Amino acid sequence: MTDVSILVREGMLATLLVAAMCIDIRTMRIPNLLTFGGAGLALLLALWPDSHPGILDALAGLALGLIALLPLRVAGVLGAGDVKLMAMVGAFVGMPEIFSALVFSMIAGGIAAVGFALYRRKSLQMLRNVQETLTVGMVTIAAGHAPSLASMPSIGKLPYAIGICAGSIAWIVYRHLN
């Protein structure tokens, strides 16, 4: 795959991520048309001869992007659109690059959450929530049950597409610089 086609592919991904972030900030939702359409586009591009990632790596990246954030959806921390958006990123970047995109996205999401808590002057509540999540969550998991975080006092809703967008784009830039 040529450098130009890689840049075009990454440009498409960045465009979709920025669109998802803007929509999520405005509506607190990420449309299925964007996530499914983007994932479909990525899989079509993966079918192209000499494409990177190839179709198997793109499918594996999609699956890992979905599976990695699914527990946070079940726990009530993330919305379904966030999970599908990370799966779309996985389809674009493939395996094993989805691991790096996930780590960068989680770091960016954590930074965004801290900034959000500071902005809303809810940092102490956020720290209490983290402590309760770690304590109760581990006991609940050890007992063989799925933890539910929905009962904790919320500090507000943060559109997590911000973290996925910032983290994924930062990872792409980082990869090109190294």
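The values are calculated or read from the model by the stated rules, or taken from the named source; none is laboratory data. Given the structure is predicted, the values throughout are model-derived calculations rather than measurements. Neighbour counts run over all protein chains shown; Cβ positions are idealised from the backbone, glycine included. Note: areas computed on protein heavy atoms with side chains; ligands, DNA, RNA excluded. Shrake-Rupley method; radii C 1.70, N 1.55, O 1.52, S 1.80 Å.
Which of ALA117, ALA39, ALA20 moves most in a GNM of the chain, Cα contacts under 10 Å?
ALA117
In whole Hz, what ³J(HN,Hα) sequence does segment 81-95 give by Karplus (6.51, -1.76, 1.60; θ = phi - 60°), x for Gly and Pro?
Taking θ as phi minus 60°, the curve returns x, 5, 5, 5, 5, 5, 5, 4, 4, x, 5, 6, 8, x, 9 Hz for segment 81-95.
So if R0 is 35 Å, what FRET efficiency would LEU33 and ALA63 give, r being the distance between their Cβ atoms, rounded to the nearest 0.05?
It comes out at approximately 0.95.
How large, in Å, is segment 39-118 by the Kirkwood hydrodynamic radius built from its alpha-carbon pairs?
Kirkwood hydrodynamic radius for segment 39-118: 12.9 Å.
So what are the ³J(HN,Hα) numbers for segment 98-114, from phi and the Karplus equation (6.51, -1.76, 1.60; θ = phi - 60°), rounded to whole Hz, Gly and Pro as x?
4, 4, 5, 4, 5, 4, 4, 5, 5, 5, 4, x, x, 5, 4, 5, 5
So what is the relative contact order for the chain, in percent, with contacts set as C-alpha pairs under 8 Å and at least six apart?
Taking the mean separation of contacting Cα pairs over the length of the chain, I get 27 percent.
Looking at the chain as a GNM with Cα springs under 10 Å, which of GLY163, GLY40, GLY54 has the largest mean-square fluctuation?
Highest fluctuation of the listed residues: GLY40.
For segment 10-81, what does the relative contact order come out to in percent, with C-alpha contacts under 8 Å and a separation of six or more?
Averaging sequence separation for qualifying contacts and normalising by length gives 23 percent for segment 10-81.
Of all the stretches in the chain, which is the longest one without any exposed loop site, taking trypsin sites (Lys or Arg not before Pro) in a DSSP loop (any state but H, G, I, E, B) with at most 11 other Cβ atoms within 10 Å?
1-120
GNM, the chain, Cα, under 10 Å: largest mean-square fluctuation among THR15, THR135, THR35?
THR135
Take the alpha carbon gyration tensor of segment 73-129, find the square roots of its eigenvalues, order them as a ≥ b ≥ c, and report rounded if a/c is under 1.5; if not, report prolate when a/b exceeds b/c, else oblate.
Verdict is prolate for segment 73-129.
Nearest 10 degrees, 0 to 90: what angle lies between the long axis of helix 32-46 and the longest principal axis of the chain (Cα atoms)?
The two axes meet at around 40 degrees.
Taking the 0 to 90 degree range and rounding to the nearest ten, how far is the long axis of helix 3-27 tilted relative to the main principal axis of the chain, both from C-alpha atoms?
Once rounded, the angle reads 30 degrees.
Using only Cα atoms, tell me the angle between helix 123-142 and the longest principal axis of the chain; keep it within 0 to 90° and round to the nearest 10.
The angle comes out near 80 degrees.
Relative to 2.2 N^0.38 Å, what does the C-alpha radius of gyration of the chain come to as a ratio? Two decimals please.
Taking N as the residue count of the chain, the ratio is 1.08.
To the nearest 10 square angstrom, how much accessible area does SER5 have with a 1.4 angstrom probe?
In the full protein context, SER5 sits at about 40 Å².
Can you tally the net charge around GLY81? Count Lys and Arg as +1, Asp and Glu as -1, for every other residue whose Cβ sits under 15 Å from the Cβ of GLY81.
Net charge around GLY81: +3.
Pulled fully out, how much extra length does the chain show between TYR174 and VAL8, if you take 0.36 nm times their separation in residues and subtract their Cα-Cα distance?
Using 0.36 nm per residue and subtracting the Cα-Cα distance, I get 58.1 nm.
Specify, per residue and in Å³, the volume enclosed by the convex hull of the alpha carbon atoms belonging to segment 1-90.
Considering the Cα atoms of segment 1-90, their hull volume per residue is 74 Å³.
Taking 0.36 nm per residue of sequence separation and subtracting the Cα-Cα distance, how much length would be gained by fully extending the chain between LEU118 and CYS22, in nm to one decimal?
32.4 nm is the gain from fully extending LEU118 to CYS22.
Mind checking the full-extension length gain between THR133 and ARG73? Use 0.36 nm per residue of separation minus the Cα-Cα distance, one decimal, nm.
Contour length minus the Cα-Cα distance gives 20.2 nm.
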